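Below: the structure, in structure tokens.
Values in this text are rule-based calculations from the coordinates and carry no lab data. A quick note: this is a predicted structure, and the numbers were derived from the prediction, not measured. Cβ placement follows ideal geometry from the backbone for every residue including glycine, while neighbour counts extend to all protein chains displayed.
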Amino acid sequence: MLGNKFVAQLALQQLRNRGLITSAPRLTSVRHRFAWGSDAVGPNVPVGGKMGASENPELHTYDGDYRGTISKGDKPIPDYFYRTPTTGRTYIDRCVTYFISAVIWAWFSYHMYYHSGHLLGHWYMPYLTEFTDEELGIPKDSADDPEYWGNHKKEYGTYR
């Protein structure tokens, strides 16, 4: 798409060619005379999805435009328009939306089924009665007493 500066320069050149602007532009005036009838017709400027006349290869640059898929129930998008109407969603928009939605729902369903703790923030925590003494690190009742790691045979206060 052509830049705004280039389009403005092109419009200024066409206005000069038509005689609507005869000298360098001044800050005090926009045009020097009032235009009537065919003189009031401006240059080909961007309107809608295309630019300029279709026989002008410099301004009419698109090879093809997507105007919707009529066979799939789309309303045709007009060629030129002053203000963009709300044309609804096209077939491509619906396909992309449904595909993205299906991927997101598949991811969500998979993770809710297999990894629900990741999404809900908690996992299954068994009751303490479900653990065995060995899992909790409790020795058997018949086991020897564990070695005491204190300071044997030393007076109180001398080992600190």
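Tabulated data
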quantity	calculated
Residue exposure sequence - THR132, THR97, THR90, THR69 - by fewest surrounding Cβ within 10 Å	THR132, THR97, THR69, THR90
Residue-span extension gain [LEU12 to ARG67] - 0.36 nm each, minus C-alpha spacing	16.7 nm
Residue-by-residue Karplus 3J(HN,Hα) for the range 127-138, coefficients 6.51, -1.76, 1.60, Hz, glycine and proline x	5, 5, 5, 7, 7, 8, 4, 5, 5, 7, x, 8
Computed label-point distance, nm, for sites GLU134 and LYS5 using a 7 Å Cα→Cβ extension	8.0
Ranked TYR110, TYR156, criterion: other C-beta atoms within 10 Å, fewest first	TYR156, TYR110
